[in-house]
Amino acid sequence: MRSRRALCNWARAFGGTVLALLLAACAGPRDEAASAAPDTAPAGEADGFVRVEGTHFVLDGKPYRFAGANFWYGAYLGAPGERGDRARLVAELDQLKDAGIDNLRVLAMSEASGFKRGVRPAVMTAPGQYDETLLQGIDFLLDEMARRDMKAVLYLNNFWQWSGGMSQYVSWFTGEPVAAHDPDETGDWNGFMQNSARFYAIPEAQALYREAIRTVITRTNTINGKRYIDDPTVMSWQLANEPRPGSDADGHPNFPVFKQWVHDTAGYIRGLAPKQLVSTGSEGAWGTLRSDELFYAAHDTPNVDYLTFHLWPSNWSWMDHHDPAARLESGTVQAMDYIDRHVDLANRMGKPIVLSEFGLNRDKGAYDPASGTTARDAFYRAIYDRVLARAKAGDAIAGSNFWAWGGRGRTANADWMWTTGDPFTGDPPQEAQGLFSLFDSDASTLAIVSAHAKAMKALD
Ligand code: IFL
């Protein structure tokens with residue numbers, strides 16, 4: 001599978017009369033445009049890879065739209081033996097697929113850290129050393145997803161502490177322990193964010209990060225023998241979960257290096273995996289110093305195929321964590337505005353956009369799976385209605401991933417917090433197990449997601 005640009009380069013390199021016509025077709029102004037365009041295969045090929053055409057995704061010649069989920073621990077469940085829980089994973093993939101949820105956003109790299117609420121074990125056990133068992137978890141997940149015709153979005157780092165992430169890279173190369181900036185110990189989120197953002201400007205950290213990226217992306221699946229780069233199950237590689245330039249208060253001076261990091265890293269991934277898409281994992285304007293224009297600027301590079309944004313009304317104080325019903329109406333108005341602004345911006349930039357995280361608390365802020373989800377259901381409905389309406393209108397929005405699939409994971413801990421060896425839920429270790437999880441028993445919410453999945457597919 002070759003793009004027009006690759007074919008032209010090949011024709012130029014080998015020359016000869018048979019190729020004269022091909023070379024003629026390669027000449028002219030279109031070639032300039034092609035040289036700035038991503039080197040992906042031509043649209044319309046039925047090879048199962050998701051491609052970008054203008055502001056839309058295309059899969060095997062048809063529009064690709066989806067209702068997806070975040071499943072950050074999917075690859076952990078896929079690990080062999082006691083490390084994982086393959087029986088759980090297989091059963092839950094079946095449940096998701098039956099509900100029409102066939103696009104999963106998953107953590108593909110974690111770093112061993114001393115964070116109080118860091119996930120253990122981690123894929124990178126020490127700089128440049130990887131846990132093969134956990135990597136086999138990605139193999140298993142991708143193989144099982146392929147069997148169900150699902151697509152994966154894999155993120156390769158984390159701005160936040162719960163998987164080690166950028167802060168751990170900073171610690172490895174400065175020698176400063178992460179504990180000094182652990183937000184779960186200090187409560188100082190600004191300090192944490194500023195420290196995490198030092199990552200972008202430490203050359204040794206960048207070199208190791210690229211090695212980690214290469215380790216995952218160029219891996220060959222031990223279960224089906226496919227190279228990841230040749231596997232259409234992988235829709236997209238994301239630079240990181242929610243990368244930010246720094247804290248809102250002090251991050252502005254970091255913006256140029258952040259923007260350059262986005263461009264360079266996305267280009268590096270594109271070079272390794274030209275058949276797959278590249279996205280940043282950004283929250284949108286909220287995570288880019290609260291600025292629509294800086295969000296636009298950071299993504300204004302041909303190396304990023306599509307935009308992402310996240311929507312967190314209670315985290316952002318538009319609604320109440322402890323009573324999401326209280327300001328549901330006003331918070332939903334703000335949420336709709338946030339969606340519209342980002343879809344408009346994607347239209348303007350000429351790239352597709354995905355709402356790749358959104359979530360809301362259970363009724364009265366409970367964590368118990370037996371508690372109600374009335375406000376959450378209303379919120380999901382409102383989100384999906386807006387996404388569907390904008391997609392129907394031909395706008396750049398292609399899909400969404402709710403946060404997060406909790407499946408059959410349950411905690412037995414009285415404080416609701418995760419400890420090593422506990423079953424995973426949709427809530428990572430730094431948050432109460434049940435905060436935003438959509439459990440396998442959440443029938444009303446699942447029905448809403450399912451109906452939306454059908455409606456999105458029906459647009460085709
Ligand atoms: O758990 C959080 C995660 O780090 C994320 N966004 C918000 C989630 C819920 O607070 O990526």
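Each value in this text was obtained by applying a stated rule to the coordinates, not by laboratory testing. Quick caveat: nothing in here was measured; it's all calculated off a predicted structure. Quick reminder, even Gly has a Cβ in these numbers, built from the backbone with ideal geometry, and neighbours come from all protein chains shown.
Each Cα pair of region 141-227 feeds into the Kirkwood radius, which the Stokes-Einstein equation turns, at 25 °C and 0.890 mPa s, into a diffusion coefficient of 165 µm²/s. In terms of the mean number of neighbouring beta-carbon atoms within 10 Å, the peptides 91-103, 307-319 order highest first as 307-319, 91-103. Residues with beta-carbon under 15 Å from that of residue 126, excluding residue 126: net charge, scoring Lys, Arg +1 and Asp, Glu -1? My count for the surroundings of residue 126 gives -4.
Arranged from fewest to most other beta-carbon atoms within 10 Å of their beta carbon, 51, 120 become 120, 51.
Taking 0.36 nm per residue of separation and subtracting the current Cα-Cα distance, fully stretching the chain between residue 374 and residue 457 would add 27.3 nm.
Summing charges over neighbours of residue 173, with a neighbour being any other residue whose Cβ is under 11 Å away from its Cβ, gives -1 when K and R count +1 and D and E count -1. The alpha carbon radius of gyration of the chain, expressed as a multiple of 2.2 N^0.38 Å, is 0.95. If the segment from residue 201 to residue 126 were pulled out straight at 0.36 nm per residue, it would be longer than the present Cα-Cα gap by 25.0 nm. Residues 386, 408, arranged from fewest to most other Cβ atoms within 10 angstrom of their Cβ, appear as 408, 386. Less than 5 angstrom separates the built amide H of residue 103 from those of 69, 151, all sequence-distant by 5 or more or on a different chain. With a cut-off of 11 Å between beta carbons, the residues surrounding residue 404 carry a summed charge of -2, where Lys and Arg count +1 and Asp and Glu -1. Across region 174-236, C-alpha contacts under 8 Å between residues 6 or more apart give a mean separation that, scaled by the residue count, equals a relative contact order of 13 percent.
Residues 332, 186, ranked from the fewest to the most other C-beta atoms within 10 Å, line up as 186, 332. Each Cα pair under 8 Å and six or more residues apart adds its sequence gap; the mean of these over the residue count of the chain is a relative contact order of 16 percent.
Helices in the chain that qualify as membrane-span-like (whole DSSP H runs, Cα extent of at least 30 Å along the helix axis, mean Kyte-Doolittle hydropathy of -0.5 or higher) are 328-349. Using θ = phi - 60° in the Karplus curve 6.51 cos²θ - 1.76 cosθ + 1.60, the 3J(HN,Hα) couplings for region 305-315 round to 7, 8, 9, 10, 8, 10, 9, 10, x, 7, 4 Hz; x is entered for Gly and Pro.
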